[in-house]
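Inspection log for the structure reproduced underneath, given as structure tokens.
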Amino acid sequence: MSTATTPIEHAAPPETGPRALLHRLRHGDEVAHVVTLTFAALILLITSLLVFELWIRSGPTRGKFGLSFFWSGVWDPIGGDFGAIPFIYGTLVTALLALMISVPLGVAAAIFLAELAPRKMSDTIAFLIDLLAAIPSVIYGLLGIFVVVPLMRTTIGPALKGAFGFLPIFKGPNYGVGFLTASIVLTIMVVPFIISVSREVLLTVPREQREAALGLGATRWEATWKVVVPWARTGIMGSVFLALARALGETMAVTMVIGNDPKIRESLFAPGYTIAAVIANEFNEATSDLHRSALIELGLVLFLITFILNGLARLLMVATERGGGHS
Amino acid sequence: MNRIRLTWRKSLNVVMLTLTGVAAFAVVSVLFLILGYFIWNGGTSLNLDFFLKLPRPEGEVGGGVANAIVGSLKLLLLAAVIGLPVGLLAGVYLAEFGGKTFSFVVRYTTDLLNGVPSIVIGMFAYSLAVVPVKHYSALAGGAALGVMVVPITVRATEEFLRAVPNSMREGAMALGASKWKTIATVIVPAASGGIITGMLLALARVAGETAPLIFTALGNQYWSPGWSQPISALPLVVYNYAISPYDDWHRQAWAAGLVLLSLVLLANIGCRFVINRKGVRSV
Amino acid sequence: MASAAHEKNEATAARLALQVRSMDTTAAGSQKEAPLRFQISDLNFYYGARQAVFGLNLKIPANRITALIGPSGCGKSTFLRNLNRMNETIRGTRYTGDILLDGQDILRMDVVKLRRRVGMVFQRPNPFPKSIYDNVAYGLRINGYSGRLDDLVEKSLKRAALWEEVKDSLHKSAFALSGGQQQRLCIARALAVDPEVLLLDEPCSALDPVTTAKIEELMFQLKDSCTMAIVTHNMQQAARASDFTAFMLDGKLIEHNETPKLFTTPQDPRTEAYITGRFG
């Protein structure tokens, strides 16, 4: 069977024809391929179906209000008038406020764990912080209601008012629930993610960078803050986006402490509402199809926001891996 | 001038580094504070009645959360049956068969699904499983949780399958094992430790979820026979009791929360222990 | 013979080994009469666009040990892996030319059956995360063998010279064994399905000299029932243990001859340069 002139190419066994069946004698392999592929495709199906269902069932309000849904501040289930502004406002305010506190706190803790703590201590503490991330939202909510709210009412609130009461954000009555309380609870929930990811990213910064800075006479802090952290900048940004996505979608803990008032208010002590909270509270008792549709449309908005944020976070993570921190 | 600047830099150094330590320990202490609060407020309520009895009518004192515990177990079972096979097989596909583009799309979508707020998943399950039959059910709740289980399982499966050294695949194939046999009899068993812990972590995560259950399982004061009726669950109990105006229900919320918290933490601690010790080569 | 000034220690040792072997009563002539197990004609192998093997022609006689030697990267492992179609597991590989096993084109055979007939032992021991028993029985089980596994497991472990050491701990994990024992376990595992050919890809490179000697001895004992092809970068080993040696360089077969002849009277200057240690 030797070849004479043109060599017959032997690649993988032929793809088609009767020989193919002989070569694919291992039916098992083909079956396994198809079966696992089907299940992988099922994930695509589920996700597409999710978007589809949200889109379809929010039809009534999309049809009725169109884009004005997004700049109307009215939420009147009885009268049938719905607008998303109060919830978008509440979602953004609580999330951003939570980030403002948790990012410095989280990055600081991550720096400690990555740069200062001995390896074993760092690992143990990181493990404990991961446990914090695993605690269910409703648990935080419970603590929120019975610990943070009273604390806000009796201690934190008065303290802030005493010191900064002239600022509009600290004016107004303080009942314990409200934007600030929700933000505090969110902070605690979101910090572990920032710490966990930032720590990992900081640990990948090459030792030479640190040593170069120290060799030039920098203090430990200066080396860390001016060289190591900037190197890990992209990854840390990624962690922030992840945390933000988490904060925006957080439901139970926020629902339990935000006060459930669909209004835009200046004061952080005022009760407010977030997208997730209003859905959780009103969905089951929705008074009409339009009401339900409005809630679903809000859910769609939330989905889109978290989709974009997670996408960005992933891009940043990939960029960190590739570019070694430079951007 | 130089000396003052140096002193300033040195002091700043000490201050900032101390602050980072304070930050780390502050965050960690929250964990212990949380545990402390729950043990303090809920510990005393953990009696036999609590675990074995049904809830009493609204406003009355006493009763337990037996139906919630059973409910949570039933929902977890559903979530496992629905979500784990999908996650496992999709993970096998990604690790062993995947073509480049399709795999990328699947991975991306899986991550996307992972990031969807759980309340949105709840609405999805509502749309698919509650609306058509016009009633809430355990099945709908289980489906919502099942969807949430998938991304975590996929990621764990793929990661641990990839970690199995290629030499093992070659060893099996050189003996005449076909690809699927190699996967089923050598690769998956080798990665089983990590995969199983990934699955347990996924279940532990959804065990604590409340939002997706609010409009699927709904909750139930009584036992929920079968799968097509509303069903109670621990997280739902914690939520509903916490926002209620009754002191006794608040007490029970703490206790139920303690149970939930303990289970979730134990599962997480246990799983991480296994992962750290066994690595990939588990026999 | 190369001039004494250029001989490195290894080359000397190789020759000494050959002298010892030539005192063996096996007549040189009988080597030529052995039937062929593998016949490779005009093999060109490609990793995607890169060609790794060029026009290789080789005959591997039955019940003999053929050694493949050559510097790193010369293509000997690549070539070896073609013989049981293991290269198919890597994407983008292809070849032209024919590889015949007992006159049959290996591509026309069912690859599972081929791999039962042609077994392989790898460079690093790769036992499965199962018990010793289950490792050896693995090939039997997946090929549907339903008879008495115990006997076959014992027989294979004996053929691999491992039985005595593990007979009381068959159900322990394979990872509890030392590196040398694991490699012998892999040999036992490969032997369990009773292959006609055993391909060994630098099987001793990760092992100590004592274990290496044990493995060479068991190869010698296996010759009667099994054809072997061994890739090795250890020329002493090739000289000691093999009947035929093929020298490869840059993907081409330079020289192939009975081992004593190749080492004492190499035909090609490149062969001579390699075996006297001038490179590689």
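The values are calculated or read from the model by the stated rules, or taken from the named source; none is laboratory data. Nothing here was measured: the structure is a model prediction, and the numbers come from that model. Backbone-built Cβ (ideal geometry, glycine too); neighbour counts: all protein chains shown.
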Return the total of residues in the stretch B:243-264 being without any contact (Cβ under 8 Å) to a residue 12 or more places away in the chain and surrounded by 16 or more Cβ atoms within 10 Å (Cβ to Cβ).
3
Taking the stretch A:154-170, which residues are in contact (Cβ under 8 Å) with a residue 60 or more places away in the chain and among the small types (Gly, Ala, Ser)?
A:GLY157
Can you confirm whether the stretch B:258-270 contains a residue that is in a loop (DSSP other than H, G, I, E, B) and more than 16 Å from B:ALA79 (Cα to Cα)?
no
So, of the residues in the stretch B:1-58 that are among the charged types (D, E, K, R) and part of a helix (DSSP H, G or I), which turns out to be farthest from the other protein chains (Cβ to nearest Cβ)?
B:ASP49
Evaluate the following for B:VAL133: is it in a loop (DSSP other than H, G, I, E, B) and closer than 25 Å to A:PHE283 by Cβ?
yes
Checked the stretch C:238-270 for anything farther than 19 Å from C:PRO61 by Cβ and either buried (at least 22 other Cβ atoms within 10 Å of the Cβ) or small (Gly, Ala, Ser) (or both); matches are C:LEU249, C:GLY251, C:PRO266
Got at least one residue in the stretch B:216-233 being within 11 Å of chain A (Cβ to nearest Cβ) and in a helix (DSSP H, G or I)?
no
In the stretch A:73-101, residue modelled with the lowest pLDDT [restricted to those that are of a type in the set (A, V, I, L, M, F, W, C) and not in a helix (DSSP H, G or I)]:
A:ILE78
Just one of the numbered conditions (1) out of contact with any Asp or Glu (no Cβ under 8 Å at 6 or more places or on another chain); (2) in a helix (DSSP H, G or I); (3) surrounded by fewer than 24 Cβ atoms within 10 Å (Cβ to Cβ) is not true of B:GLY142; which one?
(3)
Looking for whichever is within 24 Å of the chain's Cα centre (by Cα), at pLDDT 85 or above and farther than 24 Å from B:LEU258 by Cβ here; the options are A:PHE170, A:PHE179. Which one fits?
A:PHE179
Within the stretch C:135-173, residues touching a strand residue (DSSP E or B) at 6+ places or on another chain (Cβ under 7 Å) and either basic (Lys, Arg) or part of a helix (DSSP H, G or I) (or both) come out as C:LYS172
A:ILE129, sole failed condition from (1) more than 9 Å from chain B (Cβ to nearest Cβ); (2) buried (at least 20 other Cβ atoms within 10 Å of the Cβ)
(1)
Say we look at the stretch C:150-183 and pick out the residues that are out of contact with any Phe, Trp or Tyr (no Cβ under 8 Å at 6 or more places or on another chain), of a type outside the set (A, V, I, L, M, F, W, C) and within 20 Å of C:CYS226 (Cβ to Cβ); which of these is surrounded by the most Cβ atoms within 10 Å (Cβ to Cβ)?
C:GLN183
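Suppose the filter is more than 19 Å from the chain's Cα centre (by Cα) and more than 29 Å from C:VAL53 (Cα to Cα); does C:GLU217 pass it? So that I can check it myself, show each step before the final result.
Working: more than 19 Å from the chain's Cα centre (by Cα): no; more than 29 Å from C:VAL53 (Cα to Cα): yes.
Taking the combined requirement at face value, the residue does not satisfy it.
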Only residues that are within 14 Å of another protein chain (Cβ to nearest Cβ), closer than 23 Å to B:PHE25 by Cα and crowded, with 17+ Cβ neighbours inside 10 Å: list them for the stretch A:143-166, please.
A:LEU143, A:GLY144, A:VAL148
Go through the stretch C:116-134 and count every residue that is closer than 16 Å to C:PRO195 by Cβ and more than 7 Å from chain B (Cβ to nearest Cβ).
3
Here are some conditions: (1) crowded, with 20+ Cβ neighbours inside 10 Å; (2) not in a loop (DSSP other than H, G, I, E, B). B:PHE104 meets all but one. Which one does it not meet?
(1)
Considering residues of the stretch C:90-115 that are part of a helix (DSSP H, G or I) and at pLDDT 90 or above only, the residue nearest to the other protein chains (Cβ to nearest Cβ)
C:ARG115
For the stretch C:188-280, which helices (runs of 4 or more DSSP H) that fit wholly inside it have 2 or more residues that are of a type in the set (D, E, K, R)?
C:209-222, C:269-275
All but one of (1) at pLDDT 95 or above; (2) out of contact with any Gly (no Cβ under 9 Å at 6 or more places or on another chain); (3) surrounded by fewer than 20 Cβ atoms within 10 Å (Cβ to Cβ) hold for B:VAL81; state the number of the condition that does not hold.
(2)
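One line per residue, one yes/no per condition, for (1) in contact with a helix residue (DSSP H, G or I) (Cβ under 8 Å, 6 or more places away or on another chain); (2) modelled with pLDDT of 90 or more:
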site	(1), (2)
C:PRO35	no, no
C:SER41	no, yes
C:GLN51	no, yes
C:PHE54	no, yes
C:THR66	no, yes
C:PRO71	yes, yes
Going through (1) surrounded by fewer than 24 Cβ atoms within 10 Å (Cβ to Cβ); (2) more than 10 Å from chain B (Cβ to nearest Cβ); (3) under 28 Å from C:GLN237 (Cα atoms); (4) of a type in the set (Val, Ile, Thr) one by one, C:ILE187 fails only at (1)
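Looking only at residues in the stretch A:199-252 that are at the interface with chain B (Cβ under 10 Å from one of its Cβ atoms) and part of a loop (DSSP other than H, G, I, E, B), which one is farthest from the chain's Cα centre (by Cα)?
A:GLY217
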Say whether the condition of being part of a loop (DSSP other than H, G, I, E, B), modelled with pLDDT of 85 or more and not acidic (Asp, Glu) is met by at least one residue in the stretch C:6-20.
no
